[in-house]
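A quick write-up on the structure given underneath.
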Amino acid sequence: MMQLPDPFFQIAADVYRQDEFWLGEDPQAVAAVFADDSHYCRAGGRVWAECLEGSRLAGFFDPRLRIDGQPVAYFGYWETDNNRLANAELFHRFESWAAAQGAVTVYGPINGNLYGMNRIRLSAQGDGAQTAPFIGEPYNPDYYPQLLSGLGYQIRYRYYTQINNDPDALVTLLAPLLHQGKAALNGQFRFQPLTGDIWRERLPELYPLTDQMFRGSFGYSSISEQQFIATCGDGFARRLCPHSSVLVTGKHDDIAAYFLVFPDYSPLIRAGQVSADSVNFSDHFDRLTNPRMGVAKTAAVHPDYRRAGLYTLMSMQLSVWGGPYYQRGAAALVREDNPSLSFGRRFISDDQQRVYALYQKNLGTGQDC
């Protein structure tokens, strides 16, 4: 088992010592990522990690992974104080390791693969309480983007979270459009709430389907069924909102699409009432005080049905179903070239927006490829 450097977890604790909104990390879960018997390493992935003067950095190389036809490496688990020289040396060591593995370009932050935490947050509108992170949202000090730019990294993609603070008004706008859109489908699809029990029941079907749905996504690498169940199994199902998550099935009950919604449990985690790995809807939703926020975070549409407009209709449906339960709604972590961003901006104005970025660097020239 790879032994993480002694200061690895202390560095993160020091960086966020004065930050009341940081949700923390699980040292045991992080250490397991670097174990020789981890899913990543057993599949042939290689890992690297070092610390230097208040900064830490990890590297990941999957020999099977190609982006733009090139072998690549990821950097992740990056936490640092604002020390430019230490970061320059640490990233130099990582890039040398990545090049030795055969990587031509590096991307990050990505903690292992895109099922893990990735991206950094560039900006967020609103006061501290309004911009506090939800579970799974990138969160970091403001100086991170400048450090990366100074090291020769450039933004590959930006991502956005749009937050609406008046769901009732949004439902009023969307309900008639949703009715019209579903009527136009002529009964080809069924829309139903996606509960945790349904997710568990259909998990064997969801594994190959999810892999197929996301296979063409940027930087996506397949994981084993065992890893999918570990990442997206029971604990995942327990956190789902059963009122607003959406499952769309075809005429033969085949899964055509789904859209997952989670309550923003972060206020309970910051208050020390529950940990991120044990939070669940049945025990903790009623403990959330208003304004509750529903986070629409993950959507997938089967390739056979991508011309049916299901993504837009699911977005409307979850907004209508979630209206009675939430006073705020977030369309989370949407890539800048996703058409749903334009859809959201048609109906959401004068509300909060958070911006994130995924960075890249070409190891041959240090320039954007």
Just for segment 25-48: of the residues that are surrounded by fewer than 13 Cβ atoms within 10 Å (Cβ to Cβ) and in a loop (DSSP other than H, G, I, E, B), which one is modelled with the lowest pLDDT? ASP37
What pairs can you find where one residue is in segment 186-213 and in contact (Cβ under 8 Å) with a residue 12 or more places away in the chain, the other is hydrophobic (A, V, I, L, M, F, W, C) and exposed (fewer than 14 other Cβ atoms within 10 Å of the Cβ), and their Cβ atoms are less than 6 Å apart, with a gap of 6+ or different chains? none
Might you check whether a residue that is open to solvent by less than 30 Å² (accessible area, probe 1.4 Å), assigned to a helix (DSSP H, G or I) and either among the polar types (S, T, N, Q) or closer than 22 Å to PHE281 by Cβ (or both) occurs anywhere in segment 179-194? no
Please verify whether segment 125-133 includes one or more residues that are in a loop (DSSP other than H, G, I, E, B), open to solvent by 30 Å² or more (accessible area, probe 1.4 Å), of a type outside the set (A, V, I, L, M, F, W, C) and within 26 Å of GLY235 (Cβ to Cβ). no
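Where in segment 49-115 are there strands (runs of 3 or more DSSP E), lying fully within it, with 1 or more residues that are of a type in the set (A, V, I, L, M), closer than 22 Å to ASN140 by Cα and touching a residue at least 40 places away in the same chain (Cβ under 8 Å)?
Fully inside segment 49-115 and qualifying: 55-67, 105-108.
Per-residue answers, yes or no, for (1) among the hydrophobic types (A, V, I, L, M, F, W, C); (2) more than 26 Å from the chain's Cα centre (by Cα):
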site: ASN164; (1), (2): no, no
site: ALA169; (1), (2): yes, yes
site: ALA175; (1), (2): yes, yes
site: HIS179; (1), (2): no, yes
site: ALA184; (1), (2): yes, yes
site: GLY196; (1), (2): no, no
site: TRP199; (1), (2): yes, no
site: ARG202; (1), (2): no, no
site: LEU206; (1), (2): yes, no
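The values are calculated or read from the model by the stated rules, or taken from the named source; none is laboratory data. The structure displayed is predicted, hence computed values, not measured ones. When we count neighbours, we look across all protein chains shown, and the Cβ atoms used for this are built from the backbone with ideal geometry, even at glycine. Each accessible area value is taken on the protein alone, full model and side chains, heavy atoms only, with ligands, DNA and RNA left out. Shrake-Rupley method; radii C 1.70, N 1.55, O 1.52, S 1.80 Å.
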